[in-house]
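Down below is the structure, laid out as structure tokens.
Every read-out reported here was derived from the displayed coordinates using simple, explicitly stated rules and does not represent laboratory data. Keep in mind that what you see is a predicted model, and the values were worked out from it rather than measured. Methodologically, a virtual Cβ is constructed for each residue, glycine included, from the backbone with ideal geometry; neighbour enumeration extends over all protein chains shown.
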Amino acid sequence: MKRKLLISAACILVIHGSIVAAPDGSKKTRRQLIEENEQLLKKIELLQAQIEELRSEVEEVAIIEDDLSGEGENENKISSGMEDYVSMSTDTLLGQWYMHRASRIPGREQYNMDSVRFTTDVPDSILMRRLADMNSFISLPYNETVKNFMILYSEKMPRKMGEMMGLAQYYMPIFEETFRQYNLPLELKYVAIIESALNPRAESRVGAKGLWQFMYRTALNYGLKIDSYTDERMDPFLSADAAARYLRDAYRIFGDWPLAISAYNCGSGNVNKAIRRAGGNSDFWKVYEFLPRETRGYVPAMVGAMYAFRYANEYGLRAEPISMPVYVDTLHISKNLHFAQVSELLGIPLDDIRDLNPQYYRDIVPGESGDQVLRIPFNYTAAFLDQQDSIYKHKADVLFNDKVPDGRAVAGSRPARTSSTASSSSSAGKGQWVYYKVRSGDNLGKIAKKYNTTVRQLKSWNGLKSDRITIGQRLKVGKS
């Protein structure tokens, strides 16, 4: 979004002399002129400060737009929830559950939602009242498009709805807690329904991954780590935090939740194009026909999912049971740890550990490369703490006798690091640091991108507890 700053310049003449004639013929003393001049100078300083504030705001919006666009990669993003599961792991109970029991969400390949017109026995008057009673932060009028998605989710896909309702019992509390932290509407949790159908391993045909379907570059811009061991796009907690910040940034640009949510799916650039094609009108339904085809039904689909969850009892929809523990504990891991070590000594089914920690490849928590987390059922926490020395030693010489694809050894405890991984470590020694002075318009994402690192690493190096930085602040950055 572009803003134009119109600045009117006033010419001020400082006149030296004891007494001068004013334009109206009156005479003013030197003291009076000095006082007037000082008042004008104060006004100019105030205007300059306001101009600088606006300029910083415009620069910040431009940076946010750049982060949201992901260098254009979001423009062709396809949500797995609206489309198809292109790849999903079958090495866990949850993966098998998806593969063998879950049908694809009816979407473009099942129905042409641009032309299909569903019918229902529920009168329009009741649908309209129920929609209004939801009191949603998304203000959408009742029309055929919204009605179609309301019927789709509540009547046309009962088995899929039951599966998602079952998964929601585990994932929705995570999302709600995250959105509360950012003071965002809790209804945004339903974005994940449309993006991935609550499959943490969902991958779209263009490479978007996880519950929130982040593309690679966008994920990095929002501080998610992706390497040979880990893909935090599939971490339910970290990906939800990144999604919350993305949606917050999108709302700051568009000032409208339907447009901000649309931008989540197709990128801010496409939404801005649609607004321009709509003659600059930022009303969602005026912009609707100019949005990419898949994005067009994105917000109505989200409302349809919200409606089906809210009125599930009226339609006889019931949550399917899934093997996800209700109470989970998070352990901080500082040594390399294999899932099999935990499973064999504590008796936790290996598939349960995988389902709770989908962000780790090859069943390895790379604790030696930096502080990591492991989530296990709450009732196993005490046993882990009591036996952790034995757990780390258990079959270590066998389980860590492989190499990751880039050739770094996993054997032993600490993997051999390349110069790039060594430079990103938080333990950089003397002479391995550079210092960056924060300028107007900077944010952590932009600085991390400049130095080919992550927001998380920047925060670790500088002991930052939040993403807030100030102009003039000096940040320590590990040399690459």
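What ranking of D227, D355, D467 emerges when the number of other C-beta atoms within 10 Å of each C-beta is taken as an exposure proxy, fewest first?
Values: D227 16, D355 23, D467 13.
Final ranking by Cβ density, sparse to dense: D467, D227, D355.
Using a cut-off of under 19 Å, list every residue of the stretch 297-322 whose amide N is near the label point 7 Å from the Cα of D133 along the Cα-to-beta-carbon line.
303-318, by backbone N distance to the label point.
May I ask you to derive the FRET efficiency for N112 and Y216 from their Cβ-Cβ distance with R0 = 30 Å, giving the value to the nearest 0.05?
Values: r = 30 Å, r/R0 = 1.01.
Approximately 0.50, to the nearest 0.05.
Students often check this: by mean Cβ neighbours within 10 Å, which of 214-225, 177-188 ranks highest, and how do the rest follow? Show your work: numbers first, answer last.
Working: 214-225: 23.6, 177-188: 15.8.
Peptide ranking by packing, descending: 214-225, 177-188.
Mind giving me the nanometre distance, one decimal, between the label points for D371 and K465, set 7 Å out from Cα along Cα→Cβ?
Each label point lies 7 Å from its Cα, and together they span 1.3 nm.
What spacing in nm lies between the two simple spin-label points modelled at R474 and E314, each 7 Å away from Cα in the Cβ direction?
About 6.3 nm, to one decimal.
Among L259, L152, L127, what is the fewest-to-most ranking by other Cβ atoms within 10 Å? Can you show the working numbers first?
On the way: L259 23, L152 26, L127 19.
Placing the least packed residue first, the sequence is L127, L259, L152.
If each residue of separation counts as 0.36 nm, what is the full-extension length gain between F237 and H332 once their alpha-carbon separation is subtracted? Don't jump to the answer; show the numbers that get you there.
Working: separation 95, 0.36 × 95 = 34.20 nm, distance 1.44 nm.
Roughly 32.8 nm would be gained on extension.
Expressed in nm to one decimal, what extension gain is obtained for the pair S440 and N379 from 0.36 nm per residue of sequence separation less their Cα-Cα distance? List each step's numbers first, then the result.
Working: separation 61, 0.36 × 61 = 21.96 nm, distance 4.92 nm.
Contour length minus Cα-Cα distance gives 17.0 nm.
I'd like the Karplus ³J(HN,Hα) series for the stretch 170-175: coefficients 6.51, -1.76, 1.60, θ = phi - 60°, whole numbers in Hz, and an x wherever there's a Gly or Pro.
For the stretch 170-175, the Karplus curve yields 8, 7, 4, x, 4, 5 Hz.
Whole Å is fine, so just give me how far the alpha carbon centre of the stretch 134-174 lies from that of the stretch 342-391.
Distance between centres, Cα-based: 34 Å.
Order 377-385, 31-39 from most to least packed using the mean count of other Cβ atoms within 10 Å.
Values: 377-385: 14.4, 31-39: 12.6.
Per-residue Cβ counts within 10 Å, averaged per peptide and sorted highest first, yield 377-385, 31-39.
Going by C-beta contacts inside 10 Å, put T145, T454, T119 in order with the fewest on the left. List each step's numbers first, then the result.
Numbers: T145 21, T454 24, T119 8.
In increasing order of surrounding Cβ atoms, one gets T119, T145, T454.
Once both labels are modelled 7 Å past Cα along the beta-carbon direction, what's the Y182-W285 spacing in nm?
Result for the modelled spin labels: 2.9 nm.
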